[in-house]
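For reference, the structure discussed in these notes is given below.
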Amino acid sequence: MWWSLWWVWMVGALLLAILEVVAPAQIFLGFAVGAGGVGFGLLLGIPGLATSVPMMLLTFAIISLLAWLALRQILGIRKGQVKHFEHDINED
């Protein structure tokens, strides 16, 4: 089954990373890290990972979430970047 091939996950990670360059939103990069993590896990032969699709998808989801949270802390909105409006332009 092609889900259990490590290079399929790596190609998916590469495609997601390219998609992140095209549409920068810091979401696809987290998914790319997750797919790369599953690909490396399959390459290293982590026991139990390649036995079931749900385990691979769960691992992908957890790694992607952790990567997204880490990237949000590193690359996210900094304090002072959000503009607050005190006055409405339609008021006199």
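Among the residues of region 60-78, are any in contact with a helix residue (DSSP H, G or I) (Cβ under 7 Å, 6 or more places away or on another chain) and modelled with pLDDT under 90? Yes, region 60-78 has at least one match.
Regarding region 21-28, can at least one residue be identified that is among the β-branched types (Val, Ile, Thr), loosely packed, with under 15 Cβ neighbours inside 10 Å and more than 17 Å from the chain's Cα centre (by Cα)? Within region 21-28, none of the residues are among the β-branched types (Val, Ile, Thr), loosely packed, with under 15 Cβ neighbours inside 10 Å and more than 17 Å from the chain's Cα centre (by Cα). Scanning region 13-53 for residues that are under 18 Å from residue 75 (Cα atoms) and small (Gly, Ala, Ser) yields a count of 6.
The values are calculated or read from the model by the stated rules, or taken from the named source; none is laboratory data. The shown structure was predicted, so the numbers you read here are calculated from the model rather than taken from an experiment. Here Cβ is always computed from backbone atoms with ideal geometry, including for glycine, and neighbour counts include all displayed protein chains.
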